[in-house]
Structures are given as C-alpha cells and as structure tokens.
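The values are calculated or read from the model by the stated rules, or taken from the named source; none is laboratory data. As the structure is a computational prediction, the values presented were derived from the model and not from experiment. Don't worry about glycine lacking a Cβ; one is built from the backbone with ideal geometry, like all the others, and counts go over all protein chains shown.
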Amino acid sequence: MTFWDNSTIATVITGETTTANLVLVIRGDLNSNCVIDIGNVAKTANMYLKRISKTPEDIKIVDFNLNEGIDIGDVAKIANYWSCIIFG
C-alpha cells in the first residue's frame, strides 16, 4: 500500500491476521531522501520541460494540484516550498 492521499482504507476480518507493507511518501521527494531539496525542484522542472522522462509514480509524487500531470503549477509549488525552507 502506498499513501498518496491523507487516508487509506483497509478492512480486516475479525479473527484473521493480515500483513500490510506500507510506504509513506513525502510529496515532492523524488530522490527518496526524506528532504525536499534543490534536486527535487530541478527534477520536477526538467520533467515539466520534457528534458527527462517521468514515470507514473513520479507524477503522483509531484502532482500537487492533483490534475494527473506535471505542470507549471507543480513546479512553482515545489520551488516555493524549497525557497521557504532555505530562505525562511
């Protein structure tokens, strides 16, 4: 299970045992280092500009406006977030 939204539903029948492997993804963290850094900003911009390819998982990670694609709004959102971290 991967959490892309704020909630995921899992149903377990009483008396049964279920194992669920969970992956928590930080939105915008394309290099999976648990930090939104300039590398994530650059990769998002380059995917938007079609300089590098993107996977469906990449799109889910950086699609901040949830329109199922990477557009200038997503680039602006991650760049703004990163600049607030760096410059306060």
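Here are the numbers:
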| item | result |
| --- | --- |
| Failed condition for Ala45, given (1) modelled with pLDDT under 95; (2) more than 14 Å from Ile26 (Cβ to Cβ) | (1) |
| Ile52 vs. criteria within 13 Å of Gly28 (Cβ to Cβ) and of a type outside the set (Ser, Thr, Tyr) | no |
| Hits in the stretch 11-51 - residues which are within 16 Å of Asp74 (Cα to Cα), in a loop (DSSP other than H, G, I, E, B) and of a type in the set (A, V, I, L, M, F, W, C) | Ile26, Leu30, Ile36, Leu49 |
| Test for Asn31: is it polar (S, T, N, Q) and at pLDDT below 95 | yes |
| Selection from the stretch 70-88 of residues that are modelled with pLDDT of 95 or more and in a loop (DSSP other than H, G, I, E, B) | Ile70, Asp71 |
| Subset of the stretch 52-69 (residues that are part of a loop (DSSP other than H, G, I, E, B), surrounded by 13 or more Cβ atoms within 10 Å (Cβ to Cβ) and acidic (Asp, Glu)) | Asp63 |
